[in-house]
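Some notes on the structure that comes next.
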Amino acid sequence: MRIAFLFFAEAYQTYHGASVAFELMRRPGVTVDIFYNMPDTARHLERLARAHDVTPCDLIPLHRGRWARFVQKLRIFGLAKAQVLRGNEKRLESYDAVVAMEDGAEILFGDRAEGDRPARILIVHGAGDRMVPSMPRRRRFDLLLCQGPKMAHRFLDMGVARAGHVAAPGYPKFDSSRLLSGDVRSLFQEQRPIILYNPHKVPRLGSWPRFIEPMLMAFARQDQFNLIVAPHVKMFLRRSERLRRRWRARSSGDILIDPGSDRSVDNSYTDAADIYVGDVSSQVYEFLARPRPCVFLNAAGIDWRDDRHFLFWHLGDVVDDPADLMAAIRAAPSRHHLYIDRQRELAAQSLGDTTPGAAARAASLILDYLVKGRVPL
């Protein structure tokens, strides 16, 4: 059995799927090749391989044509993912399966029937509720691996997946983060409760433009909390290093601003924080693997209460005005009893089985599918 793992998007997605590749490497009769697009992805894969004790681990760069290299060098125009995938299709045809963490891989092998091409397998990264524009692409995958039953059943209800072609093994990222995430409390001068602000970059829904400056001003005037500002890594990924340095330089003894270090992708911050503040990032569920107080920011005035794509906003108070933020943060611990039962319920539905071994369960499901042509949900 020959399986190719494709990390053709941003490096943070390695934390969602590399552990599954490593588990498959341990299975008899299975050969796994790991391909990557961006050069910095190799460093993350090597870090993960060391943590999982599978070194040495061969990593194969995807061929990037001149146009793809040009676009990637500019950064602002993306990673030329479609061009890279099409440019590597021939070398991937000999595998029994191609596993990706992003649904853009659905373009591989065109409309050929499954028996005439490698199986297309998607490990969905993140466990959020938000409707993403690329959702219809997932119909073209032969096997979808979600984290928890909520997403799996949603895919079935939407017609994105078919029975026997979707499963929920748990959250493989946790297998890696248990090995990697470190103590960040030592980064602060005073030991105080830690607030994690984790905004997303998605247009119109993100809170950063409206909330970041009032938030920094408010935290500079208080001595009750430490603050970690750790946006979704894609917010600064295509921005200049000069801009990232400017934001890091605004850190202080009780405010840590991180525009994209390893700690922002390996769960160090979600593990260490006492209160989560965010908007639409699915990282809230990584935080809620251990229920704690949350505050959500509705910067765009969304009518969210009856919208199933905002289920997680029912897990803490929702703030519309930056002037109300600090009061909501201070009140969050005393109001947590209002949300903790719902947090446990929705986190279980979203994350599935959070015990160690999600990567091994995912690996077994992939092999079951390749042998039997279907998997149990």
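The values are calculated or read from the model by the stated rules, or taken from the named source; none is laboratory data. These numbers come from a predicted model, not from an experiment. Every residue, glycine as well, gets a Cβ built from its backbone with ideal geometry; the counts of neighbours run over all protein chains shown. For accessibility, only protein heavy atoms count, side chains too; no ligands or nucleic acids. Shrake-Rupley method; radii C 1.70, N 1.55, O 1.52, S 1.80 Å.
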Output for region 152-174, where each listed residue is under 24 Å from A21 (Cβ atoms) and open to solvent by 20 Å² or more (accessible area, probe 1.4 Å): H165, A168
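Take the residues in region 282-299 that are assigned to a loop (DSSP other than H, G, I, E, B) and surrounded by 15 or more Cβ atoms within 10 Å (Cβ to Cβ); name whichever of them is modelled with the lowest pLDDT.
S282
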Qualifying residues in region 99-117 (those that are more than 21 Å from L24 (Cβ to Cβ) and among the hydrophobic types (A, V, I, L, M, F, W, C)) - the one surrounded by the most Cβ atoms within 10 Å (Cβ to Cβ): I107
Residue identified as under 23 Å from the mean Cα position of the chain (by Cα), open to solvent by less than 10 Å² (accessible area, probe 1.4 Å) and without any contact (Cβ under 8 Å) to a residue 60 or more places away in the chain among L24, L6, L59, L45: L45
Selection within region 64-97 - modelled with pLDDT of 85 or more and assigned to a helix (DSSP H, G or I): K81, A82, Q83, V84, L85, R86, G87, E89, K90, R91, L92
Enumeration of residues in region 122-137 that are assigned to a helix (DSSP H, G or I) and crowded, with 17+ Cβ neighbours inside 10 Å: R137
Residue, farthest from R91 (Cα to Cα), within region 27-42, restricted to residues that are in a helix (DSSP H, G or I) and open to solvent by 10 Å² or more (accessible area, probe 1.4 Å): D40
Some residue of region 337-352 being over 25 Å from the mean Cα position of the chain (by Cα) and either open to solvent by 50 Å² or more (accessible area, probe 1.4 Å) or modelled with pLDDT of 95 or more (or both): yes
Residues that are under 14 Å from D262 (Cβ atoms) and modelled with pLDDT under 95, drawn from region 14-40: D40
Evaluation of V184 against (1) under 30 Å from P356 (Cβ atoms); (2) modelled with pLDDT of 95 or more (one fails), failing number: (2)
Given (1) out of contact with any strand residue (DSSP E or B) (no Cβ under 8 Å at 6 or more places or on another chain); (2) on the phi < 0 side of the Ramachandran plot; (3) at pLDDT 95 or above, number of the condition G357 does not satisfy: (2)
Test result for S177, assigned to a helix (DSSP H, G or I), farther than 22 Å from W313 by Cβ, among the polar types (S, T, N, Q) and open to solvent by 40 Å² or more (accessible area, probe 1.4 Å): no
From the options R204, R192, R246, R250, residue that is surrounded by fewer than 22 Cβ atoms within 10 Å (Cβ to Cβ), charged (D, E, K, R) and part of a helix (DSSP H, G or I): R246
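Evaluate region 281-292: report whether one residue or more is acidic (D, E) and without any contact (Cβ under 8 Å) to a residue 12 or more places away in the chain. Before the answer, list the steps.
Quick first cut of region 281-292, residues acidic (D, E) only: 286.
Narrowing further to those that are without any contact (Cβ under 8 Å) to a residue 12 or more places away in the chain: none.
Checking region 281-292: not a single residue is acidic (D, E) and without any contact (Cβ under 8 Å) to a residue 12 or more places away in the chain.
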